[in-house]
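First up is the structure itself, then whatever we jot down about it.
Readers should treat all values here as calculations from the given coordinates under stated rules, not as data from a laboratory. Owing to the predicted nature of the structure, the values given are computational and were not obtained by experimental measurement. Every residue, glycine among them, receives a Cβ derived from its backbone with ideal geometry; neighbour counts consider all protein chains shown.
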Amino acid sequence: MTLFPLYLAICAVPAAAGMMFKPGAWYRDLDKPGWTPPDLLFPVIWAVLYVLMSLAAARVAMQPDNDLALGLWALQITISTLWSAVFFGLHRIRTGAVVIALLWAAVLATTLAFLAHDTLAALMMVPYLAWGSFALALNLSVMRRNPERGYA
């Protein structure tokens, strides 16, 4: 697991985007469903997900012929970095939904690619896939509840 710190450091990029583009008053004023988690829960969930996805990537990095799997991992990290800027920074709810749908697809592809190399690594990605499903549903619900706000 000597590569774990490297992959965890890479996760600092989307984490930094999340810290730069905080929910703020705009998000607090949106009509959100009752099943929206409290704001304090988000950093805890993301910390756990970053550790799991970094451990998974480190395991796959030790396997031969891992270029596609690690390329997909890098793609999902890149897309994840964009979401906070689009949704919280630009207040683009609809565009945020597109970004998070692309993120979900990239996480699914990464999980399946990891499965071809290491079952445990793929299983470590499942919570991220579940969170992505929940986050997409939440983004879509916020979009439907706020048709007059940030609909670009």
Once phi for every residue in the range 123-130 is put through the Karplus expression 6.51 cos²θ - 1.76 cosθ + 1.60 (θ = phi - 60°), the whole-Hz ³J(HN,Hα) values, with Gly and Pro written as x, are 5, 5, 8, 4, x, 5, 5, 5
Span from the the range 1-80 Cα centroid across to the the range 106-152 one, whole angstrom: 11 Å
Taking every pair of Cα atoms in the range 17-88, average 1/r, invert it to obtain the Kirkwood radius, and report Rg/Rh to two decimals. 1.09
Dividing the helical contributions, -39500 (n - 2.57) per DSSP H run of n ≥ 4, by the residues of the chain yields a 222 nm value, nearest 500 deg cm²/dmol, of -24000 deg cm²/dmol
Once phi is turned into ³J(HN,Hα) by the Karplus curve 6.51 cos²θ - 1.76 cosθ + 1.60 with θ = phi - 60°, what whole-Hz value does each residue of the range 30-37 show in order, with x for glycine and proline? 6, 7, 10, x, x, 8, 5, x
Just one of [x] 11, 42, 40, 6; [y] 12, 42, 31, 14, 3, 0; [z] 9, 34, 28, 16, 7, 5, 2, 0 is P(r) over Cα pairs in 10 Å bins from 0, in percent as worked out from the coordinates here. Which one is it? [y]
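As a footprinting exposure proxy, order Asp29, Asp118 by other Cβ within 10 Å, with the fewest listed first.
Values: Asp29 10, Asp118 18.
Sorted ascending by nearby Cβ count, the order is Asp29, Asp118.
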